[in-house]
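Just below is one structure, and these are the notes that go with it.
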Amino acid sequence: MTEPLIFELSIPGRKGVRLPELDVPESELPADLLRDDLPLPEVSEVDVVRHYLRLSQLNYAVDKGIYPLGSCTMKYNPKINEVAARLPGFVGIHPLQDELTVQGALYLMYHLQEQLKAISGFDAISLQPAAGAHGELTGVLIMRKYHLDRGETQRDTMLIPDSAHGTNPASTSMSGLRVVEIPSDARGNVDLEAMKAYMNERLIGIMITNPNTLGLFDENLEAICQMVHEAGGLVYGDGANMNALMGIMRPAEIGIDVMHFNLHKTFSTPHGGGGPGSGPVGVVAKLADFLPAPIVVKEEDAEEEAPLYTFYDPPKSIGRVKSFWGHFSVMIKAYTYIRMLGDEGVRRAAEHAVLNANYLLSRIRDVYPLPYDRICKHEFVVEGRFEDAPGVRALDIAKRLIDYGVHPPTNYFPLIVHEALMIEPTETESKQEVDRYADILLKIAEEAKTDPDLLHEAPHNAPVRRLDEVYAARQKILRYRRDQQ
Amino acid sequence: MVFVPHTEEERQAMLKAIGVEKMDDLFYDVPAKYRYPTLGLEAPLTEMEVLEELQELSEANLNAYRTPTFLGAGIYRHWVPAVVDYVLSRGEFYTAYTPYQAEISQGTLTAIFEYQSLICDLTGMEVANASHYDGATAAAEAVIQAYNVFRGKRKKVVLAPTLHPHYREVIRTYTQGMGLEIVGDEALEKPLEEVVEMVDEQTFAFIVQTPNFFGEIEPLEGLADEVHTRGKKALLAVAVNPISLGLLKPPGEYGADIVFGDGQPLGLGLNFGGPTLGFYATKMRYVHQMAGRIVGETKDVEGKRGFVLTLTSREQHIRRHRATSNICSNQGIMTLAATVYLSALGKDGLRKVALANYHKAHYAAERIAALPGYTVVADKPFFNEFVVECPAPVAEINDFLLNEWDYEIIGGYDLSRDYPHLARHMLVAVTEMNGRDEIDDFVEALRAFADYHQVEVEA
């Protein structure tokens with residue numbers, strides 16, 4: 001890779017934009033408050049376009065090919081979503097405008113809430129959380145406040161399966177609660193026996209991901225919900241894996257009390273190289289008063305022709321979790337997507353996500369060790385190691401996949417599987433693309449035995465070779481410094 | 001579009017390879033009584049139809065870019081060069097995810113490294129992370145970082161009452177389980193000099209904003225020393241409007257320990273307030289208590305420069321319940337927008353934008369101050385926003401501007417919504433987007449309202 005940094009393209013005195021001449025008289029500036037130097041790049045517009053275009057070409061992306069990063073649901077992002085979110089009447093509204101001047105936006109938010117209720121079975125939704133982890137924090141705070149509101153101040157313990165995303169325990173401890181890890185049983189379900197010891201008056205509830213991060217539907221789910229409810233606890237559903245279940249089962253019906261959605265996973269909004277996401281939270285009726293303020297409600301007025309959409313603050317709200325109303329432009333994309341799918345479409349998406357995952361698994365299962373041998377849901381986990389190639393690790397396989405021009409799976413997660421490779425093809429990949437991925441995985445397994453160095457030294461065909469993460473952590477070069485280059 | 005590419009033949013072949021007969025068999029483990037509910041979603045639309053619906057919805061909104069607007073209060077109408085959206089529209093950027101696989105994510109990683117550098121340069125700080133959700137959540141994370149610097153031994157944090165109301169609220173939401181003592185904003189009219197006096201040896205941080213919620217530039221000179229002395233090394237965290245830093249001395253030069261804010265003014269649209277960008281920078285000595293992703297420079301096995309996610313042992317996927325924060329997805333593409341915006345404007349452009357904001361806001365303030373019935377309340381220098389005491393409740397004036405005046409004007413923010421003692425006080429924002437004629441018309445409309453109101457009162 002030879003692309004310089006934008007700072008290295010800077011030429012003193014070069015300008016990129018022209019601004020209108022000042023059309024008002026100048027006022028006196030507060031001399032003692034002014035900065036001496038503004039060390040920003042000095043580049044032309046052409047420099048900017050070429051630099052970032054060249055950088056973009058160093059990236060892999062869904063628009064280039066299959067991106068089976070487990071737990072991330074890297075499905076194709078429909079282009080109509082982008083057109084919709086960029087409509088001037090959406091981009092150009094200020095969040096503090098009079099509600100009467102933003103009825104189109106409020107209509108969309110209200111109906112997205114309704115769509116998510118229909119898909120999940122929950123009674124109320126807040127669209128405010130900005131991402132999945134943010135939704136988790138919101139949900140955990142709701143659970144905490146629900147118990148406090150009932151005077152059960154002694155409740156402080158959250159159960160979290162050992163297969164959970166790291167955000168679950170992190171969200172729980174941020175909320176000031178105690179984390180107890182629950183092991184998985186031999187079939188990859190939450191171990192019911194291990195839970196029993198915690199079914200007491202200290203229980204806040206459980207955070208459960210279903211299908212779990214092994215890609216398995218927890219066969220004990222209904223029993224878990226019953227057990228937790230009997231102990232006075234609540235069940236949190238981590239909706240990261242909702243892509244396997246939309247149109248198949250409504251989480252609220254089986255006993256989940258509160259759940260976040262990932263609009264950027266299940267509902268096709270792009271991942272943006274790290275964000276923005278959007279993590280709406282759904283709850284059953286008894287938790288609705290605790291949702292973060294505000295949510296959108298519809299006021300039917302007999303005198304007016306059209307209903308008025310307006311913001312409403314739930315009376316026992318945990319408070320506001322971010323400024324303004326949430327990630328509105330992400331909501332537009334999710335709304336657009338669901339509006340194009342309907343009942344049948346969401347079910348078809350989930351079915352084909354599961355079909356693709358099981359098909360890919362069937363193609364490689366005799367070669368890659370499979371710790372839990374069951375029909376999977378939208379993703380599955382195999383081990384990235386082979387008995388007859390002792391030096392090869394999951395990391396080597398991942399890096400070798402890059403040489404074949406595809407994206408590696410999630411690796412080393414979940415933590416309960418050795419050398420985990422977590423693979424989620426998603427429904428938008430064709431049989432041909434899934435087959436191509438399977439062929440590459442099989443070829444790499446062969447190479448692991450015949451030429452392991454090919455894997456150890458991978459990638460060979462990428463903008464850079466394997467990067468030294470230890471060096472980065474030790475050197476801590478976290479910004480460009482003019483004086484040191 | 002058609003959302004799944006499979007043909008019927010392929011579907012059958014795949015089911016057969018899996019060893020099941022039909023699609024339903026893949027869901028054998030979902031309890032039958034819950035399987036295949038009727039959802040009741042509206043009948044699906046084609047792309048052609050859905051766009052029509054969305055166009056209608058979008059046109060039901062009043063577009064602030066096409067309407068004279070004086071509303072700010074945290075979200076600002078700024079000019080965004082076309083090049084920003086061009087770069088954001090590249091599928092290679094927006095359809096990628098968090099750069100876990102560094103070798104095929106150098107585009108994203110390099111851009112984040114540039115972003116971190118730009119934020120450091122702008123704020124005068126040593127290290128920046130790759131974003132929080134917005135300014136408000138960055139404020140909450142600043143409180144948590146400072147709390148962790150003292151290993152939870154101190155419980156008190158002091159907030160300036162002029163910190164954005166949403167920031168103060170989100171700090172309380174985030175920390176409601178932590179048992180903190182959050183003070184400073186009980187009396188909203190208390191001046192900053194008196195609020196600082198609440199900092200003591202039990203205090204882990206003082207949080208202040210400049211320009212503050214009322215647009216005033218707070219005197220930061222000596223503030224860090226005062227906080228550090230009174231609070232025995234308590235941290236000073238400063239929220240800042242990034243456009244103002246095109247002109248004003250950055251908080252880092254005044255000794256701030258954490259500088260954060262909302263990056264919406266840096267090349268992001270209004271978008272009804274989200275997604276924006278929470279930028280965040282601190283001193284190198286606190287880097288291990290900072291939340292969020294960080295990109296660092298390194299080299300590959302051939303010695304070539306490259307970039308990776310680094311210092312990840314702070315994060316939730318490694319440290320789980322002991323992580324500095326639960327943050328995972330952040331504002332990736334928004335950091336790219338800010339990076340392209342700051343690069344495109346550059347040294348000269350950002351300063352000119354900041355100057356235009358300053359001069360236009362002062363021109364507007366001067367003209368409004370000359371109107372009978374209106375008083376500009378400005379004890380301190382201000383940047384692009386200022387407070388006007390009005391002859392009537394702000395809601396009435398805004399209603400007049402929007403519905404009674406010759407054409408629609410979106411007036412300023414009604415401060416009584418958050419500050420009960422500021423009835424009849426309007427927060428007016430003026431940016432480079434407000435032409436002189438727009439400002440003059442706004443002033444005329446305010447004058448007309450006062451006249452009309454006077455008649456009403458006398459009648």
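The values are calculated or read from the model by the stated rules, or taken from the named source; none is laboratory data. As the structure is a prediction and not an experimental result, all values here were calculated from the model. A quick note on method: Cβ atoms are made from the backbone with ideal geometry, for glycine too, and the neighbour counts reach across all protein chains shown.
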Determine, yes or no, whether A:I125 is facing chain B (nearest Cβ under 9 Å), crowded, with 19+ Cβ neighbours inside 10 Å, under 28 Å from B:R35 (Cα atoms) and among the aliphatic types (A, V, I, L, M). no
Checking the structure you have, find out if any residue of segment A:202-214 is crowded, with 16+ Cβ neighbours inside 10 Å and free of Cβ contacts under 8 Å to residues at least 24 places away in the same chain. no
Search segment B:315-324 for residues being buried (at least 20 other Cβ atoms within 10 Å of the Cβ) and facing chain A (nearest Cβ under 7 Å), and hand back the single one that is farthest from A:V49 (Cα to Cα). B:H321
Which of the residues belonging to segment A:227-270 are of a type in the set (A, V, I, L, M, F, W, C) and over 21 Å from the mean Cα position of the chain (by Cα)? A:M227, A:V228, A:A231, A:L234, A:I254
For segment A:215-230, enumerate the residues that are hydrophobic (A, V, I, L, M, F, W, C) and buried (at least 17 other Cβ atoms within 10 Å of the Cβ). A:L216, A:F217, A:L221, A:I224, A:C225, A:M227, A:V228
Consider A:V91 carefully, then state whether it is surrounded by fewer than 24 Cβ atoms within 10 Å (Cβ to Cβ) and either at the interface with chain B (Cβ under 8 Å from one of its Cβ atoms) or not basic (K, R) (or both). yes
Is it true that B:D379 is assigned to a loop (DSSP other than H, G, I, E, B) and touching a strand residue (DSSP E or B) at 6+ places or on another chain (Cβ under 8 Å)? yes
Would you mind stating whether B:V308 is of a type in the set (A, V, I, L, M, F, W, C), part of a helix (DSSP H, G or I) and either more than 27 Å from B:M178 (Cα to Cα) or modelled with pLDDT under 95 (or both)? no
Filtered residues of segment A:393-429 (kept if touching a Leu at 6+ places or on another chain (Cβ under 9 Å) and farther than 24 Å from B:P99 by Cβ): A:I416, A:E427
Scan segment B:339-380 for residues that are within 9 Å of another protein chain (Cβ to nearest Cβ) and at positive phi and report the count. 1
Do we have B:T312 as touching a residue at least 40 places away in the same chain (Cβ under 8 Å), more than 7 Å from chain A (Cβ to nearest Cβ) and either out of contact with any helix residue (DSSP H, G or I) (no Cβ under 9 Å at 6 or more places or on another chain) or within 30 Å of A:T410 (Cα to Cα) (or both) here? no
Within segment A:52-88, which residues are buried (at least 23 other Cβ atoms within 10 Å of the Cβ), polar (S, T, N, Q) and farther than 27 Å from A:D238 by Cα? A:N59
Residues of segment A:44-81 satisfying the condition of being at the interface with chain B (Cβ under 7 Å from one of its Cβ atoms) and acidic (D, E): A:E45, A:D63
So, in segment B:335-392, exactly how many residues are closer than 16 Å to B:Y413 by Cα, surrounded by fewer than 20 Cβ atoms within 10 Å (Cβ to Cβ) and among the acidic types (D, E)? 1
Just to confirm my filter: which helices (runs of 4 or more DSSP H) fall fully inside segment B:1-109 and include at least 3 residues that are of a type outside the set (D, E) and more than 7 Å from chain A (Cβ to nearest Cβ)? B:8-18, B:82-88
Subset of segment A:65-78 (residues that are closer than 11 Å to A:S268 by Cβ and either over 19 Å from the mean Cα position of the chain (by Cα) or in a helix (DSSP H, G or I) (or both)): none
State all residues of segment A:445-476 that are surrounded by 14 or more Cβ atoms within 10 Å (Cβ to Cβ) and closer than 19 Å to B:G107 by Cβ; if no residue qualifies, say none. A:P459, A:A462, A:P463, A:V464, A:R465, A:R466, A:L467, A:E469, A:A472
So which helices (runs of 4 or more DSSP H) are wholly in segment B:115-221 and hold at least 3 residues that are crowded, with 22+ Cβ neighbours inside 10 Å? B:135-149, B:165-174
